[in-house]
1. Can you sort W223, W157 by 1.4 Å-probe accessible area, starting with the largest?
2. With a probe of 1.4 Å, find how much accessible area the chain has per residue, and write the answer as a whole number in Å².
3. Work from the charge dipole of the chain (Cβ charges, +1 for Lys and Arg, -1 for Asp and Glu, about the Cα centre) and give the residue of V62, L90, I108 farthest towards its positive end.
4. Report the charge-dipole magnitude of region 180-295 in Debye, nearest 20, computed about the Cα centre from +1 at each Lys and Arg Cβ and -1 at each Asp and Glu Cβ.
5. Once you order the gyration tensor axes a ≥ b ≥ c over the Cα atoms, which shape class does the chain get: rounded for a/c under 1.5, otherwise prolate or oblate by comparing a/b with b/c?
6. How big is the gap, in Å, between the Cα center of region 52-76 and the Cα center of region 87-158?
7. Helix-only estimate, please: 222 nm mean residue ellipticity of the chain, summing -39500 (n - 2.57) across DSSP H runs of length 4 or more and dividing by its residues, to the nearest 500.
8. Please report how far the C-alpha centroid of region 174-228 lies from that of region 1-28, rounded to the nearest whole angstrom.
Amino acid sequence: MKKVLVIGGTTFDSIVYLDKLPQGQPQTLFASSPLNETLGSTGAGKALNLTKLGIDTTLHSVIGDDEYGHKIIRKLKDAGVNFEYDFDPLGTERHVNLLDPLGQRISIFVTQGSAQPALDLERLEKLIMECDIVVLNIISYTKQLIKLIEKHQKPIWTDLHDYNLENQYHQPYIEAANYIFVSSDNLPEYHETMLQWMSQGKELIVCTHGSGGATALTKTGEWIELPIISDYKFKDANGAGDSFFSGFLYAYLNGKSIIDCMKYATILGGLCISSYELAHEKLSAELVEPVSYTHLTLPTIA
């Protein structure tokens with residue numbers, strides 16, 4: 001099995017569940033469920049999912065040498081994640097996420113990390129050399145590692161989340177990546193954007209649409225559309241995109257077709273929204289095999 005290096009993305013978050021998100025005027029709000037204080041962010045989500053699925057995964061991130069940073073270390077260690085980290089003098093990044101029953105979110109960045117913290121580049125280069133695939137998350141400090149990854153000719157997978165065309169922050173990741181995942185939340189003309197990126201020599205592009213399913217564009221020009229599985233009972237959408245990404249990558253590493261990769265991604269996304277954690281508590285390779293889901297209506301591809 002190939003080795004995956006996930007770079008960037010650990011926070012310690014407070015999740016507040018509301019019946020309705022605030023609409024701009026001063027108001028007093030009451031949570032609809034108990035406060036959930038837990039590990040967060042895109043790197044942690046991907047590493048947790050991949051590790052539970054049995055993929056040889058290492059996560060590198062930047063944390064503070066503080067209470068929250070050490071909570072992150074303990075949680076990842078308890079989950080069996082191989083976690084490498086550098087300390088940020090600004091401390092551990094923390095968010096407060098407000099979530100409504102539809103999965104809509106307002107994220108408040110309580111603290112932010114350094115854009116270019118000091119890194120142990122010798123150790124990072126060794127991790128890059130030892131891996132087969134780099135998952136490069138759009139965390140500021142990871143930009144300085146792009147040339148190092150390209151030096152060792154490692155394929156780059158990136159997740160642009162709710163990218164929009166006006167935001168130039170993502171451009172270095174778009175240029176470097178071989179495999180791109182993105183949400184259509186801010187991309188109404190996502191087909192045109194996917195075609196443009198594919199013309200730049202990408203291997204694969206996947207665009208997710210929340211409850212609207214997902215679209216993939218392959219290097220051969222094939223378009224694949226897949227709806228969600230509606231049977232999952234919704235609890236919390238936090239981390240669903242990272243779970244989707246991880247399900248796809250897991251299947252890809254196991255030699256599945258792109259259509260099957262989309263199915264695995266859809267299953268993991270559904271599992272995530274039925275849990276309050278970044279990766280479903282019972283997630284395993286055995287659990288996600290399609291044969292285990294005969295009671296669900298799996299999408300049929302024409």
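The values are calculated or read from the model by the stated rules, or taken from the named source; none is laboratory data. Treat the numbers as computed from the prediction; the structure is a model and nothing was measured. Every residue, glycine as well, gets a Cβ built from its backbone with ideal geometry; the counts of neighbours run over all protein chains shown. SASA here: full protein model, heavy atoms, side chains in, ligands and nucleic acids out. Shrake-Rupley method; radii C 1.70, N 1.55, O 1.52, S 1.80 Å.
1. W223, W157
2. Details: 14180 Å² over 302 residues.
On a per-residue basis, 47 Å².
3. V62
4. Dipole of region 180-295, to the nearest 20 debye: 120 debye.
5. rounded
6. Spelled out, the Cα-based centre of one part sits 12 Å from the other.
7. Details: 9 runs with 88 residues, N = 302.
Dividing the helical sum by the residues of the chain leaves -8500 deg cm²/dmol.
8. 24
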